[in-house]
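The next block holds one structure in the form of structure tokens; read it before the comments.
The values are calculated or read from the model by the stated rules, or taken from the named source; none is laboratory data. Quick caveat: nothing in here was measured; it's all calculated off a predicted structure. In this analysis, Cβ positions are derived from the backbone assuming ideal geometry, glycine residues included, and neighbour counts consider all displayed protein chains. When the accessible area is computed, the model is the full protein with side chains, heavy atoms only, and any ligands, DNA or RNA have been set aside. Shrake-Rupley method; radii C 1.70, N 1.55, O 1.52, S 1.80 Å.
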Amino acid sequence: MVKLHDLEFRPFIKAQEIDAVVQRMVDEISRDLKDEIPVFVGILNGSFMFVSDFVKKYPSACEVTFIKLASYEGLKSTEDIQRLIGLTQDLSGRTVVILEDIIDSGNTLHEVHRIFNNEGVKRLIIASLFYKPEAYKKDFKIHYKGIEIPKKFIVGYGLDYNGLGRDLPEIYQLKTTQHMTNIVLFGPPGAGKGTQAEFLKEKYNLVHISTGDVFRYNIKNETALGMLAKSYMDKGELVPDKVTIDMLNAEVEKNADAKGFIFDGFPRTSAQADALAELMDEKDSQINAMIALEVDDEILVERLLKRGETSGRADDADESIIRNRIKEYYSKTAILKDYYTKEDKYFGVDGVGSIEEITQRLSEVIDKL
């Protein structure tokens, strides 16, 4: 991620891909123009990197000049186009190739045609490194297109956000979810994870997604995903990760404006962690941390036996079952601890003390995120 002014941008197009596309456009244009000596015209400021790389690769003689137009304010393309710097050479009877960094609404292109129609050029050719088909509303032909991209704001390789980002060698795309904090909350049985999740979601205005609750909701309400999950469970089979991820995705979609999520009970394997990372990446976000409540086994056993006196749960009343549950937790989460430690996202928090003390320890971790 890169932060420019108040906004965050995510990696989108790598430098190697840009270089390959520029080379392809050079090959196409040089092949079509043959021995003709064209005048390449760059639109400042955004096209300076594209024009520089393009003409360095161009195999034949050519001329290069620039004009400067203004059509952007912040993140939006405006209708008001101003010709700030004009042409200084006679282009009558010449083939002019406009090298544009990006074409979205087409407003700049409209002004380009007006300018060069008055110059009496032999032929006007439009080549754009980036092109947003969803945004383009004009009828002018774009003869050469580099990369078609979605209707999202980008920076890098000459393109800027309020003056910053032009120097970046790669392209970055505006994150649609700014400042979102997503946490995987873990803890062995009896660690108080559910209690802490309730406090944290209120304090930080996060959405708590418990995998168990999500399963029960979908099955009870007989949703398509719930019935699919139940069909596996009824056969004693594990529910495929894809079904679980689809359920979680539905919960995330329900809360698209959330400031972040607390994931409780998922992931439990490296494959599930990869799937969750991919899900959040699709939302222009990421998992910021795995926070695990750490409690001594004997304290956990004591807590669960005491809870079993009122909970009515059979697995809270049998010490051997409790110890097996704790053992199973460690065997499963050890992999995830390694997974998130490698990403520098694992945080162990002492889970012994009053509810308030533990909440404070968790808050200290989250505040640093």
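Here are the numbers:
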{"item": "Whole-percent carbon and sulfur share, accessible surface of region 100-203, 1.4 Å", "result": "46"}
{"item": "Rounded D (µm²/s) - the chain, Kirkwood Rh over Cα pairs, Stokes-Einstein at 37 °C, 0.692 mPa s", "result": "133"}
{"item": "Cα-centre dipole for region 185-313 with unit charges at Cβ (Lys and Arg positive, Asp and Glu negative), debye to 20", "result": "440"}
{"item": "Rg and Dmax [Cα atoms of region 211-369; Å; Rg one decimal, Dmax integer]", "result": "17.3, 45"}
{"item": "Hits among lysines - C-alpha to C-alpha of LYS235 under 19 Å, sequence gap 8 or more where chains match", "result": "LYS220"}
{"item": "Top of ALA61, ALA275, ALA127 by mean-square fluctuation, Gaussian network on the chain, Cα under 10 Å", "result": "ALA61"}
{"item": "Phi to ³J(HN,Hα) by Karplus 6.51 cos²θ - 1.76 cosθ + 1.60 over region 300-317, Hz, x for Gly, Pro", "result": "4, 4, 4, 4, 5, 5, 5, 5, x, 5, 10, 6, x, 7, 5, 6, 9, 9"}
{"item": "Region 290-333-region 245-284 distance, computed between alpha-carbon centres (Å)", "result": "26"}
{"item": "Mean Cβ neighbour count within 10 Å, used as a protection proxy, ranking 279-288, 104-113 highest first", "result": "104-113, 279-288"}
{"item": "Pairwise centroid distance, computed over Cα atoms, of region 155-224 with region 85-141, Å", "result": "42"}
{"item": "Student exercise, the chain dipole from Lys, Arg, Asp, Glu Cβ charges, in Debye to nearest 20", "result": "900"}
{"item": "Per residue accessible area of the chain, 1.4 Å probe, in Å²", "result": "51"}
{"item": "Contact order relative to length of region 137-202, as percent, for alpha carbon pairs under 8 angstrom and 6 or more apart", "result": "19"}
{"item": "Considering only the chain, percent of DSSP beta bridges that pair antiparallel, nearest 5", "result": "30"}
{"item": "Partners for LYS345 among aspartates and glutamates (Cα-Cα distance below 15 Å; same-chain residues under 8 apart left out)", "result": "ASP274, GLU364, ASP367"}
{"item": "Sequence-separation-based contact order of the chain, relative, with Cα cut under 8 Å and 6+ spacing, percent", "result": "14"}
{"item": "Among LYS259, LYS337, LYS327, residue whose mean-square fluctuation peaks in a GNM of the chain (springs only between Cα atoms under 10 Å)", "result": "LYS327"}
{"item": "The chain: calculated mean residue ellipticity at 222 nm from DSSP helix runs of at least 4, using -39500 (n - 2.57)", "result": "-13500 deg cm²/dmol"}
{"item": "Spatially proximal aspartates and glutamates relative to LYS14 (Cα-Cα < 12 Å; intrachain offsets below 8 disregarded)", "result": "GLU170"}
{"item": "Under Karplus coefficients 6.51, -1.76 and 1.60, residue-wise ³J(HN,Hα) of region 53-66 in Hz, glycine/proline x", "result": "5, 5, 5, 5, 8, 5, x, 10, 5, 7, 10, 9, 8, 9"}
{"item": "Greater than 21 Å apart at Cα, pairs in LYS56/LYS137; LYS3/LYS175; LYS151/LYS283; LYS254/LYS368; LYS254/LYS342", "result": "LYS56/LYS137; LYS254/LYS368; LYS254/LYS342"}
